[in-house]
1. Quick check: anything in the stretch A:75-92 under 15 Å from residue A:27 (Cα atoms) and in a strand (DSSP E or B)?
2. Name the one entry in A:99, A:121, A:107 that is aliphatic (A, V, I, L, M) and surrounded by fewer than 18 Cβ atoms within 10 Å (Cβ to Cβ).
3. Return the total of residues in the stretch A:46-61 being part of a loop (DSSP other than H, G, I, E, B) and within 11 Å of another protein chain (Cβ to nearest Cβ).
4. May I ask you to list the residues in the stretch B:90-115 that are closer than 26 Å to residue B:145 by Cα and surrounded by fewer than 18 Cβ atoms within 10 Å (Cβ to Cβ)?
5. Is at least one residue of the stretch A:11-22 at pLDDT 95 or above, under 17 Å from residue B:75 (Cα atoms), more than 7 Å from every other protein chain (Cβ to nearest Cβ) and over 14 Å from the mean Cα position of the chain (by Cα)?
6. Report the residue count in the stretch A:28-45 for those that are in a loop (DSSP other than H, G, I, E, B) and at the interface with chain B (Cβ under 7 Å from one of its Cβ atoms).
7. What about residue B:84, is it basic (Lys, Arg) and more than 10 Å from chain A (Cβ to nearest Cβ)?
8. Go through the stretch B:113-136 and report how many residues are out of contact with any Phe, Trp or Tyr (no Cβ under 9 Å at 6 or more places or on another chain) and either modelled with pLDDT of 95 or more or charged (D, E, K, R) (or both).
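The values are calculated or read from the model by the stated rules, or taken from the named source; none is laboratory data. As the structure is a computational prediction, the values presented were derived from the model and not from experiment. Neighbour counts run over all protein chains shown; Cβ positions are idealised from the backbone, glycine included.
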Amino acid sequence: MSIQPPLITPEIRQAIGVESEPRTHEVEKGAIRRFAEAIEDPNPLYTDEVAARRSPYGGITAPPTFLRSLAPGPAPSPVRAELGRRLDGGSEWEYFEPVRPGDRITVTGRLVDASERTGSVGRMLLLTNELRYVNQFGQLVAVQRNTLILY
Amino acid sequence: MASHNAPYWEDVREGAELPPLVKRPTTQQLVRYAGASGDYYQVHYDTAFAQAQGLPGVILHGALKNAFLGQLVTDWIGAGGRLKRLSCQYRKMDVPGDTLTCRGVVTKKSRQGALYLVKCDVWLENGKGEKTTWGSATVSLPSRAEPPRSP
């Protein structure tokens, strides 16, 4: 039996808590529509200006997971190259404000947790990134904690 | 469709099931989702690449399943409720061509300040009836005790 080196390297530990560069995206009405069409969600709140105007939202808003299409700015990757395979492990979202066409959303990410586990695919490195979405009014719109599985 | 009004908090009971949502994802939907979300990882549209990664073939984006579970909840709460939290873990892979059923059950009702909250377990079943993805959602609903507020 050989002793395998830990997957959580000092580089990964040092990367925990370091913020990515911010990246600002303008939310386009067409992008919301294309996202709603891609997930095949016919909710009129996402595409129908008349129905959305009459709703409590007062206008078109984006589906809850639309923010997946807005990436944060670059961050240094501390992960070793031999972990070449990856899977999305899951997401936890908290929502505070609606996302509307014309919003400018600034996204920052940071690694908040790293753990190691052995599963059906062998040894896995689990990295949890926290993404924060802030609109042009300085309001926190949503927080996503996303776990990436590397193996 | 979410054009109906939200259920009132008082009318929701713990243990009640959310109306199920059936989804039939295709390879075309995976390509559209890749484009709409910006997630171009090849395991979602390139069969040879996916098989070289040890997968049976192309698989659904976890975040697409997250979007399905979001729709399950937003269809239920309509325009009058608000999604506050949504989480899910992708525990088994799902493949295009399968019929997926999103389900949910109310687990807890609570009040937090002026908010009337409902927590649900949500999950996704594949065509064999296996749970592949699960998590929870928290929504706020209108109350018969409070006048309607705009979001």
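1. Here is the first cut: in the stretch A:75-92, the ones under 15 Å from residue A:27 (Cα atoms) are none.
No, there is no match, as no residue in the stretch A:75-92 is under 15 Å from residue A:27 (Cα atoms) and in a strand (DSSP E or B).
2. Working: A:99 fails: surrounded by fewer than 18 Cβ atoms within 10 Å (Cβ to Cβ); A:107 fails: surrounded by fewer than 18 Cβ atoms within 10 Å (Cβ to Cβ).
From the options A:99, A:121, A:107, the qualifying one is A:121.
3. Within the stretch A:46-61, the first condition is being part of a loop (DSSP other than H, G, I, E, B), and the residues that meet it are A:47-48, A:55-61.
Still in the running and within 11 Å of another protein chain (Cβ to nearest Cβ): A:48, A:55-59, A:61.
Final tally of qualifying residues: 7.
4. Selection gives B:105, B:107, B:108, B:109, B:110, B:111, B:112, B:113, B:114, B:115.
5. no
6. First, pick out the residues of the stretch A:28-45 that are in a loop (DSSP other than H, G, I, E, B): A:28, A:39-43.
Restricting the remaining residues to those that are at the interface with chain B (Cβ under 7 Å from one of its Cβ atoms) gives A:39-43.
Residues in the stretch A:28-45 being in a loop (DSSP other than H, G, I, E, B) and at the interface with chain B (Cβ under 7 Å from one of its Cβ atoms): 5 in total.
7. Working: basic (Lys, Arg): yes; more than 10 Å from chain A (Cβ to nearest Cβ): no.
Considered against the rule, which asks whether it is basic (Lys, Arg) and more than 10 Å from chain A (Cβ to nearest Cβ), residue B:84 comes out as no.
8. In the first step, residues of the stretch B:113-136 are kept if they are out of contact with any Phe, Trp or Tyr (no Cβ under 9 Å at 6 or more places or on another chain); the result is B:113-115, B:119, B:125-130, B:136.
After this cut, where a residue has to be either modelled with pLDDT of 95 or more or charged (D, E, K, R) (or both) as well, the list is B:115, B:119, B:125-130, B:136.
Result for the stretch B:113-136: 9.
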